[in-house]
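Asker: Below is the structure I would like to discuss, written out as structure tokens.
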Amino acid sequence: MTTEQTTRVVPAGWYQDPADDAKVRWWNGITWTEHVESKPTGGGAALAGALAIESGDASEVQQLEEQYALGTDGTEAMSRRASLTLDHRGPDTGTIPIQGVALPKKPAKTGTASAWLLAFMPLISNLLAVLAGYIYFYVTPTPLVAVVAVVLFMLGFMWAVADSRMLQTRGLPAPSALLALALPLVGPLLYLIVRRLRVSGTGPLFTFIGLLLIAVGLPLALALSGSVPAATLALNVQNAVRADLVGSGAATSVSCPPIVESTAAGSIFTCDAVLPSGDTVHVWVSFDDEAGNFSWALANR
């Protein structure tokens with residue numbers, strides 16, 4: 001009784017790499033694997049040459065069977081258990097049909113650190129805006145805080161470029177990084193939308209949208225709760241008192257609470273001022289009417 005060549009099973013081992021004569025590749029008994037080594041010098045029994053599955057040379061298959069003590073009966077038994085036909089042996093061909101079913105390559109990863117940085121742009125923008133506001137109102141009213149918008153604009157573009165290049169390196173269809181140059185926040189959102197249309201993975205896009213809703217929702221909630229006028233008035237007081245004291249040299253810095261609790265006539269709002277000597281004293285702010293008009297005085301030490 002003879003065995004058909006297409007149903008023969010060759011045992012696992014190191015064989016000459018079909019793609020590179022200078023290397024050997026591991027055959028796991030069913031298919032070629034990704035494990036490759038340099039071919040040892042001198043040869044050996046385990047390096048019998050390229051695996052002859054579809055070459056049509058029955059003598060080469062027979063030689064391998066004899067080398068590993070596989071007779072016809074053993075080969076048939078292994079063939080029945082494996083119940084497969086190997087139609088291709090290239091390590092980089094993408095799929096190996098087994099009984100008519102193609103085994104696909106493992107899909108390339110679509111997630112990148114740059115894409116997630118883009119996803120957190122709304123949060124980063126809010127944090128930088130708060131920092132810029134603090135510097136402007138509490139440290140020094142410099143127009144350089146406008147640089148924050150430029151920084152955000154450039155960061156979004158650079159992260160889009162890095163993400164696009166990484167996707168291209170992985171052989172994936174990448175969106176153009178120029179999309180991120182549309183507008184701050186709008187550009188990165190447009191880039192992530194197009195990115196999702198071209199590659200899988202919804203995490204960065206949904207994260208961006210969620211954080212954007214929070215960034216817009218918080219100021220809206222403050223406005224509905226009536227906190228915005230109180231915060232705006234507190235900033236006006238901060239600017240006026242600071243301009244007088246720091247501008248005249250009577251103090252080096254002024255710090256007022258971020259929200260005015262009451263604007264009723266006669267109510268007191270307390271700020272702190274640091275004198276040139278390093279001492280901290282109170283600044284009493286008195287509201288003259290509910291319209292927000294106020295007067296202030298430096299407390300006696």
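The values are calculated or read from the model by the stated rules, or taken from the named source; none is laboratory data. This structure is a prediction, so every number in the text was calculated from the model and none was measured. Neighbour counts are summed over all protein chains in view; Cβ atoms, including those assigned to glycine, are modelled from backbone coordinates with ideal geometry.
Asker: Within region 163-186, can one find any residue that is of a type outside the set (S, T, N, Q), under 25 Å from residue 126 (Cβ atoms) and under 13 Å from the mean Cα position of the chain (by Cα)?
Answerer: Checking region 163-186: at least one residue is of a type outside the set (S, T, N, Q), under 25 Å from residue 126 (Cβ atoms) and under 13 Å from the mean Cα position of the chain (by Cα).
Asker: Given the residues 115, 119, 132, which is the only one that is within 29 Å of residue 239 (Cα to Cα) and among the small types (Gly, Ala, Ser)?
Answerer: The conditions single out 132.
Asker: Tell me which residues, restricted to region 252-277, are within 46 Å of the chain's Cα centre (by Cα) and assigned to a loop (DSSP other than H, G, I, E, B).
Answerer: Of everything in region 252-277, those that are within 46 Å of the chain's Cα centre (by Cα) and assigned to a loop (DSSP other than H, G, I, E, B) turn out to be 252, 256, 257, 258, 259, 260, 261, 262.
Asker: Is it true that residue 267 is closer than 14 Å to residue 230 by Cα and not β-branched (Val, Ile, Thr)?
Answerer: Judged against the criteria, residue 267 is a match.
Asker: Filter region 250-301 for residues that are out of contact with any helix residue (DSSP H, G or I) (no Cβ under 7 Å at 6 or more places or on another chain) and at positive phi; which is surrounded by the fewest Cβ atoms within 10 Å (Cβ to Cβ)?
Answerer: Ranking the candidates gives 278 first.
Asker: Which of the residues spanning region 204-222 are surrounded by 14 or more Cβ atoms within 10 Å (Cβ to Cβ) and touching a residue at least 24 places away in the same chain (Cβ under 8 Å)?
Answerer: 204, 205, 207, 208, 211, 212, 215
Asker: So, restricting to helices (runs of 4 or more DSSP H) that lie completely within region 111-201, which ones have at least 1 residues that are closer than 30 Å to residue 247 by Cα?
Answerer: Once the helices (runs of 4 or more DSSP H) in region 111-201 are filtered for at least 1 residues that are closer than 30 Å to residue 247 by Cα, what remains is 121-134, 147-169.
Asker: Mind checking which residues of region 194-217 are at pLDDT 90 or above, β-branched (Val, Ile, Thr) and more than 14 Å from residue 110 (Cα to Cα)?
Answerer: Answer for region 194-217, where residues must be at pLDDT 90 or above, β-branched (Val, Ile, Thr) and more than 14 Å from residue 110 (Cα to Cα): 207, 209, 214.
Asker: Restricting to region 223-249, name every residue that is surrounded by 14 or more Cβ atoms within 10 Å (Cβ to Cβ) and among the hydroxyl-bearing types (Ser, Thr, Tyr).
Answerer: 227 - this is the single residue of region 223-249 that is surrounded by 14 or more Cβ atoms within 10 Å (Cβ to Cβ) and among the hydroxyl-bearing types (Ser, Thr, Tyr).
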